[in-house]
Amino acid sequence: MSEATVSVKGGGKAEIKVIEDRCKGCGFCIEFCPMHVLDYSPKINARGAHPPYAKNPDACTACGLCEQLCPDLAIYIVKRKEV
């Protein structure tokens, strides 16, 4: 079974990736993001939850707190290379 990953690109230090159907909507990633990058999506996933989306991707500092806090491994970041 393959899972769809939503990728959000912005001018921040990372690309934020969300595997929407893994999310149970606990909100840890949203509530504890120090830069307030994430918010609840209006979409409802297969689990009946509103997964996160990046409302302000340019503010992402690639700290990785969202992926560390996620109990379902539904969100992760891919750091951009510095040029």
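Do you know which residues across region 17-32 are in contact with a helix residue (DSSP H, G or I) (Cβ under 6 Å, 6 or more places away or on another chain) and surrounded by 21 or more Cβ atoms within 10 Å (Cβ to Cβ)? Residue satisfying the conditions is 29 alone. Listed by first and then second residue, the pairs with beta-carbon distance under 6 Å, at least 6 apart or on different chains, first residue in region 10-30 and free of Cβ contacts under 8 Å to residues at least 24 places away in the same chain, second buried (at least 18 other Cβ atoms within 10 Å of the Cβ) and of a type outside the set (Asp, Glu), are 30/38; 30/52. Beta carbons closer than 6 Å, at least 6 apart along the sequence or on distinct chains, pair a first residue in region 45-66 that is exposed (fewer than 14 other Cβ atoms within 10 Å of the Cβ) with a second that is in a helix (DSSP H, G or I) for 46/21.
All of the numbers you see were taken from the coordinates with simple rules; none came from a lab. Because the structure is a prediction, the values reported are computed rather than measured. Counting neighbours? That spans all protein chains shown, and the Cβs are built from the backbone with ideal geometry, glycine included.
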